[in-house]
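For reference, the structure discussed in these notes is given below.
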Amino acid sequence: MHALFGDPVWHLRGLTSMTFTMTQDAAKPAQSIPVFRATDFRVVNGANLGDPISFAGDLELDDTYELGKSAARHRISVHADESGRFTIAPDTSIGSPGAALHLDCVATFMSTSGQTTEILVLVETDAQGNAADVYALPLAPLEPRIGYALVGVDTENPDRKFAEVACVAFSRGTHITMASGAQTPIEQLRVGDMILTRDEGPQQVRWIGQSTVRAVGEFAPIRIKAGTLHNENDLLVSPDHRLFIYQRSDALGAGRAELLVRARYLVNGDSVQRQDGGFVDYFQLLFDSHQIIYAEGIAAETLLVDTRTRPALPEELREALAQSLSGHGNSAHLDFEVSEKLLDHPDAAAILRRASTR
């Protein structure tokens, strides 16, 4: 993976042989991403005056766009099959469930302040393959009444950019529980280290990825303050990082004790906060199979390799996957994931904390 803005900063820390099996499509949860309708982001100065953002072939460099004053973000739910084809999932709040969704391009804009912003252009098509709608997924916040000049269009790497949104990661300084019980900062881990996993005991780390990104938009980490989920220290993770919770009482009405909860759904503005601004060092841990490990005492998932995240992996690792692997782990954990709707409480984190101790 590369930094979203600037030069690549991924560091390949190791690569060993792995034995994975493909996650079945039926088991994969949908990925929910925030998008604007294309009509909310229009040209206010340039060759395409008045037009909304569109396909790469219709875009003109130097056109200046603005976000509409009444623009609203919608969450579109996306499924990916084994071939890498994307479709809109049934629980989406925008788009037509079952319709194909294509990653058209990554458009780079520069604001009047000189700040660059990337937007992933998504195109929904109908059964005949005709464009039905266009959506804009900003990788950094967009503000109304600010001009954004188009300075670049990339049609080669939209799948990698989309993968970066899907990857889960821990931040620098996160203490990981080793097989020995020792607590080690994640940046000190090395390939081959034995980590304590919830389901399979001590397991070797097969690969470690590191990236530095702007802590904005979909890449702004979530801070879970000490004590919120029985963690001794603050835990800082990527927004879609899934945490494993064992409920002694079914406080959410999930119908089961074991839950996987995305960190973004726990944000309450107090004990769980989105941390915007500056840069964040993210680390990914890859095992032979999708694992639940312990980070600051909280059970949390490791990187799951599937059709969404695979393009984000370094080329060396992707080559190894292509040569000897068909996919990454039939993960029973995915059956435990709960929806955002089930976590629609003023303080879901507090509810889960109480439920895990009763």
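Details
- Residues that are open to solvent by 20 Å² or more (accessible area, probe 1.4 Å), among the charged types (D, E, K, R) and assigned to a strand (DSSP E or B), drawn from region 119-144: ASP133
- Selection within region 76-105 - in contact (Cβ under 8 Å) with a residue 40 or more places away in the chain and of a type in the set (Gly, Ala, Ser): SER77, ALA80, SER83, GLY84, ALA89, GLY95
- Number of the exception - GLU164 against (1) acidic (Asp, Glu); (2) open to solvent by less than 60 Å² (accessible area, probe 1.4 Å); (3) closer than 30 Å to THR302 by Cβ; (4) at pLDDT 90 or above: (4)
- Residue, farthest from VAL338 (Cα to Cα), within region 259-290, restricted to residues that are out of contact with any helix residue (DSSP H, G or I) (no Cβ under 7 Å at 6 or more places or on another chain), of a type in the set (S, T, N, Q) and surrounded by fewer than 20 Cβ atoms within 10 Å (Cβ to Cβ): GLN275
- Considered as a group, the residues in region 145-161 that are open to solvent by 50 Å² or more (accessible area, probe 1.4 Å) and out of contact with any helix residue (DSSP H, G or I) (no Cβ under 9 Å at 6 or more places or on another chain) include one that is farthest from PRO311 (Cα to Cα), and that residue is ARG145.
- Qualifying residue in region 152-165 (condition: touching a residue at least 60 places away in the same chain (Cβ under 8 Å) and part of a strand (DSSP E or B)): yes
- Counting only strands (runs of 3 or more DSSP E) that fall entirely inside region 210-252 and contain at least 1 residues that are in contact (Cβ under 8 Å) with a residue 24 or more places away in the chain, of a type outside the set (A, V, I, L, M, F, W, C) and out of contact with any helix residue (DSSP H, G or I) (no Cβ under 6 Å at 6 or more places or on another chain), the qualifying elements are 222-224, 242-246.
- Qualifying residue in region 336-357 (condition: modelled with pLDDT of 65 or more, touching a Phe, Trp or Tyr at 6+ places or on another chain (Cβ under 8 Å), among the hydroxyl-bearing types (Ser, Thr, Tyr) and not in a helix (DSSP H, G or I)): yes
- Of residues in region 30-65 being open to solvent by 30 Å² or more (accessible area, probe 1.4 Å) and in contact with a Lys or Arg (Cβ under 7 Å, 6 or more places away or on another chain), the one nearest to ARG160 (Cα to Cα): PRO52
- Neighbours by Cβ (under 8 Å, 6+ apart or cross-chain): first from region 173-202, within 14 Å of ILE292 (Cα to Cα); second exposed (fewer than 15 other Cβ atoms within 10 Å of the Cβ) and β-branched (Val, Ile, Thr): none
The values are calculated or read from the model by the stated rules, or taken from the named source; none is laboratory data. The structure displayed is predicted, hence computed values, not measured ones. Using ideal geometry, Cβ is built from the backbone for each residue, glycine included, and neighbour counts are taken over all protein chains shown. Areas reflect the complete protein model, heavy atoms only, side chains present, ligands, DNA and RNA absent. Shrake-Rupley method; radii C 1.70, N 1.55, O 1.52, S 1.80 Å.
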